[in-house]
Amino acid sequence: MMKHRKEMTLSKIKIAPSVLASDFSRLGEEISAVAEAGADWIHLDIMDGHFTPNITFGPPVVAKLRQHCSLPMDVHLMITDPGDYVEDFIKAGADIITFHIEACIHPHRLIRRIQDLGCQAGIVLNPGTSPDEIEFLADIVDLVLLMTVNPGFGGQKFIPEMLRKIQMVRAMLGEERDLEVDGGIDASNAPLVIEAGANVLVAGSSVYGSDSYLEAIQSLRAPS
Ligand code: DX5
Ligand code: ZN
């Protein structure tokens, strides 16, 4: 039974490099490079200095990157009041928008609004947030993103207790929808998160910190 589930999941593993660990002075080239190396999505981390203790970039930069990116752009909003900004990010070219349940008062309404605007909508849970929080959202989301580090910085260490949460959320979502994990993902823990039920792996440092983006992406997708 477990083997059957694992095979189904492995057949649709997606790798989403996070540009947070790339060379920001050459963002467009860095996106093209991972696309050529086999990336499935491009993960864009939006931080506001309020929800996270760090600031990255906003809709104008996303709109420029759209011109360099033929892959789905996966926009991870780590910002307070995400509902105030979703239209801007969708206009900028986002294909997928995820926002934190901890930052939103009416997540059900916001998921429906994002979807009505023609974009995929996902909910994000911080490491300390229980999956119970999304019991009544799980049926309507397009995907769930589980943080496997606390949001704010690249290069942090994977929190192994999140493996049990991945299993719990996979059981809530069924087999067809995407379950994304973000933070500290590398070739050593990729088999563990995949086995637990994740099928979209965000990877910043382990891809952009590697000499070969191709080998890094391959080793995440099909760990030896
Ligand atoms: C953390 C971000 C992640 C981060 C992942 O707040 O949401 O997407 O860039 O970076 P690594 O893979 O280096 O942990
Ligand atoms: Zn992220």
Considering every residue within region 106-114, establish whether at least one is closer than 21 Å to K165 by Cβ, within 13 Å of ligand 2 (Cβ to nearest atom), open to solvent by less than 30 Å² (accessible area, probe 1.4 Å) and at pLDDT 95 or above. no
Cβ pairs under 6 Å, 6+ apart, first in region 27-41 and touching a residue at least 12 places away in the same chain (Cβ under 8 Å), second of a type in the set (G, A, S): E30/S22; W41/A16
Of the residues L179, L163, L137, which is over 21 Å from I111 (Cα atoms) and among the aliphatic types (A, V, I, L, M)? L163
State whether one or more residues within region 148-161 are touching a strand residue (DSSP E or B) at 6+ places or on another chain (Cβ under 7 Å), surrounded by 14 or more Cβ atoms within 10 Å (Cβ to Cβ) and not in a loop (DSSP other than H, G, I, E, B). no
So in region 191-209, with the set limited to residues that are in contact with a Lys or Arg (Cβ under 8 Å, 6 or more places away or on another chain) and more than 10 Å from ligand 1 (Cβ to nearest atom), which one is most open to solvent (accessible area, probe 1.4 Å)? E195
Unmet criterion (only one of (1) closer than 16 Å to W41 by Cβ; (2) open to solvent by less than 10 Å² (accessible area, probe 1.4 Å)) for D95: (2)
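The values are calculated or read from the model by the stated rules, or taken from the named source; none is laboratory data. Keep in mind it's a predicted model, so treat the numbers as computed, not measured. Virtual Cβ from ideal backbone geometry, glycine too; neighbours counted across all protein chains shown. Ligands, DNA and RNA are stripped out before the accessible areas are found, and what is left, the full protein with its side chains, is counted by its heavy atoms. Shrake-Rupley method; radii C 1.70, N 1.55, O 1.52, S 1.80 Å.
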